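Throughout, read-outs are computed from the coordinates displayed, never taken from laboratory work. All values reported here derive from a predicted model rather than from experimental measurement. A quick note on method: Cβ atoms are made from the backbone with ideal geometry, for glycine too, and the neighbour counts reach across all protein chains shown.
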Amino acid sequence: MRSITKTIIFSCSILLPAIAFGKCIGDQNSPYPVRSVYVVPQMAASQLYVRWSPVLEKVGLAAGICFDLTIVQTIPDFERELLSGKPNFAFMNPYHEVMAYRAKGYLPLLADGKNQLDGIIVVRNKSKIENINDLRGAKLAFPAPNAFAASLLVRATLAKQGINIEPIYVKSHNNVYRSVIAGDVSAGGAVNNTLQREPAEVQEQLRVLFKTSGYMPHPFSVNPKIPLKERNLVVQAFLDLAKTDEGRRLLDGIQMPEPIPVNYARDYQSLEGLGLEKFVVNSAN
């Protein structure tokens, strides 16, 4: 299993910086310009394409908009694109929303109203580690430095408890779980939403050691340059999709089984008070 984990991480490292899977997903005859959609790469690019493309196809057809789905190689790559203001729409973690709001005024449109986002620390199912105090001096895998619940919240919590660890960044949640299973690290930081979407054979080899407080999940956000009419069309198309069984199944695949409208002041501004700035790694330069 150790060699499998290294292979997964290496294969991610040789991908092109960004993969544009479709220059027009949705309404081929849209009167609007093609709008880019960037998705934070919590999973492998192929998995994200399989999950997001059918959703954007239906949303695009309903809204009369054509989407260009782009998935970059790593979470830091995503941050650089986001903070430069390149995406028209983006699915990002909650603290990315804070960063993007401050940098370019990105506005959250929708998030899942069913499940809160919890940061978790996982260990191997048969590990002798029983509580977070046992992690002192240990190697922990994280998807990226600025992953909100999986990394920032977990690292901040451990620091407040005086627990020093050695962080290892492995590019995706998929790789976190497999690094823990392989024994490359003692534990790993992730989120409940991605663990629930792992195959049963992966979940059964892991145990949740610790869970953070819950927060509003990842928002689907918009660049403020996009006209209000288009924003409203997209929001309504997502909400209508959630009214069908097939739609809810597709939306569950992108971590939004029950999308609800959100806004910055009510749902994300409170994150500014968590004191996470000192744990943020600036990768946008």
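The convex hull of the Cα atoms of the stretch 117-215, projected and averaged over all directions, covers 5.4 nm². Database remark: amide H of Val191 closer than 5 angstrom to the amide H of Ile120 (H placed geometrically; neighbours at sequence offset of 5 or more, or on other chains; Pro and chain starts carry no H).
Residues whose amide H lies under 5 Å from that of Phe67, counting only those 5 or more places away or on a different chain, are Ile25, Gly26, Asp27, Arg35; hydrogens are built 1.01 Å from N in the peptide plane. Among Glu246, Glu81, sorting on how many other beta-carbon atoms sit within 10 Å of each Cβ, with the fewest leading, yields Glu246, Glu81. Legend: calculated FRET efficiency, Asn263 to Lys126, from the Cβ-Cβ distance at R0 = 45 Å, rounded to 0.05, equals 0.50. The modelled label-to-label distance between Lys225 and Ala159, using points 7 Å beyond Cα along the C-beta direction, is 3.3 nm.
Between Ala200, Ala156, Ala147, the GNM of the chain built on Cα springs shorter than 10 angstrom shows Ala200 fluctuating the most.
Each of Val176, Val72, Val235 was scored by other Cβ atoms within 10 Å of its Cβ. Listed from fewest to most, they are Val235, Val72, Val176. For the stretch 51-65, putting each phi into the Karplus relation 6.51 cos²θ - 1.76 cosθ + 1.60 with θ = phi - 60° gives couplings of 7, 8, 4, x, 5, 5, 4, 6, 5, x, 5, 5, 8, x, 10 Hz, in residue order, rounded to whole numbers and with x for Gly and Pro.
Charging the Cβ of each Asp and Glu at -1 and of each Lys and Arg at +1, and nothing else, the dipole of the stretch 168-213 about its Cα centre rounds to 160 debye. By the count of neighbouring beta-carbon atoms within 10 Å, fewest first, Asp77, Asp245 end up ordered Asp245, Asp77. Axis of helix 2-13 versus longest Cα principal axis of the chain: the two differ by about 40°, to the nearest ten degrees. Within the stretch 80-122, whose backbone N sits under 11 Å from a point 7 Å along Cα→Cβ of Lys211? Counting backbone N atoms under 11 Å from the label point, the list is 116-121. Think of each Lys and Arg Cβ as +1 and each Asp and Glu Cβ as -1; about the Cα centre, that makes the dipole of the stretch 117-215 roughly 140 debye. Label positions at Val281 and Lys139, each projected 7 Å from the Cα along the C-beta direction, are separated by 1.5 nm. Simple point charges give the picture: +1 on the Cβ of Lys and Arg, -1 on the Cβ of Asp and Glu, and for the chain a dipole about the Cα centre of about 460 debye.
Across the stretch 191-206, computed HN-Hα scalar couplings (Karplus, 6.51 cos²θ - 1.76 cosθ + 1.60, θ = phi - 60°) run 9, 4, 5, 7, 4, 5, 9, 7, x, 4, 5, 7, 4, 6, 8, 10 Hz from first to last residue, x flagging Gly and Pro.
Scalar couplings 3J(HN,Hα) for the stretch 255-260, obtained by applying the Karplus form with A = 6.51, B = -1.76, C = 1.60 to θ = phi - 60°, are 6, 9, x, 9, x, 10 Hz; x denotes Gly and Pro. Per-residue ellipticity at 222 nm, computed for the chain from helices alone with -39500 (n - 2.57) per DSSP H run of at least four residues, works out to -10500 deg cm²/dmol.
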